[in-house]
């Protein structure tokens with residue numbers, strides 16, 4: 001009779017390995033995680049993971065792919081259909097979804113943001129998700145410019161990059177523990193939201 005207390009059951013090895021990897025990263029740090037240790041924790045033979053992942057990098061890339069899929073779900077869920085008349089408001093919702101994802105999944109953020117750990121360029125899933133989010137941002141900013149919301153002189157490509165930089169920077173400060181040095185009072189997540197809101201407000205025309 002199989003041991004039901006063990007995390008692995010036939011047919012779900014890949015998700016089990018991914019979740020086990022995340023647990024180990026949180027416990028001992030990503031540098032100390034090995035495929036062998038993941039296999040041991042998952043209750044499978046040392047060679048079992050290599051049937052799906054040829055290396056630690058491949059395993060971490062799978063973790064990153066799960067991360068970006070959850071990120072996409074978060075930014076999609078954060079948007080409000082009733083705010084389509086306010087494209088800059090929807091852009092802020094995307095950022096809020098990103099920040100909420102980081103708060104809920106800081107280990108995912110750690111892995112997906114460290115390109116030395118993963119083979120991001122070869123991941124079709126990661127590229128597709130990034131492209132879909134970026135296309136949505138460009139679409140919102142284009143509408144904001146057309147309806148007079150976007151302040152004169154704002155270049156859409158630059159704003160996309162700056163938007164990414166603001167949420168990424170706030171997220172790094174959050175996961176690296178910098179808020180206790182730079183803004184020790186109050187909930188860091190609230191300060192992250194306030195920083196994002198201030199950035200979006202700066203994109204608007206004075207009359208918008």
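Annotations for the structure displayed:
- Flag if residue 150 is touching a strand residue (DSSP E or B) at 6+ places or on another chain (Cβ under 7 Å) and either assigned by TED's automatic domain parsing to the domain that holds residue 173 or on the phi < 0 side of the Ramachandran plot (or both): no
- Residue within the range 126-138 that is over 18 Å from residue 74 (Cα atoms), loosely packed, with under 13 Cβ neighbours inside 10 Å and in the same structural domain as residue 75 (by TED's automatic domain parsing) present: no
- Considering each residue of the range 161-168 in turn, none proves to be more than 19 Å from residue 75 (Cα to Cα) and out of contact with any strand residue (DSSP E or B) (no Cβ under 6 Å at 6 or more places or on another chain).
- Every residue from the range 169-186 that is within 30 Å of residue 139 (Cβ to Cβ) and touching a helix residue (DSSP H, G or I) at 6+ places or on another chain (Cβ under 7 Å): 170, 171, 173, 174, 175
- Check on residue 189, assigned to a helix (DSSP H, G or I), under 18 Å from residue 110 (Cβ atoms) and either in contact with a helix residue (DSSP H, G or I) (Cβ under 6 Å, 6 or more places away or on another chain) or not assigned by TED's automatic domain parsing to the domain that holds residue 87 (or both): yes
- Test: residue in the range 43-51 that is surrounded by fewer than 19 Cβ atoms within 10 Å (Cβ to Cβ), in contact (Cβ under 8 Å) with a residue 24 or more places away in the chain and on the phi > 0 side of the Ramachandran plot: yes
- Test: residue in the range 78-93 that is surrounded by fewer than 15 Cβ atoms within 10 Å (Cβ to Cβ), over 30 Å from residue 198 (Cβ atoms) and either modelled with pLDDT under 90 or in contact with a helix residue (DSSP H, G or I) (Cβ under 8 Å, 6 or more places away or on another chain) (or both): no
The values are calculated or read from the model by the stated rules, or taken from the named source; none is laboratory data. Predicted, not measured: the structure shown is a model, and the values here were computed from it. Ideal geometry is used to build each Cβ from the backbone, glycine not excepted, and the neighbour counts take in all protein chains shown.
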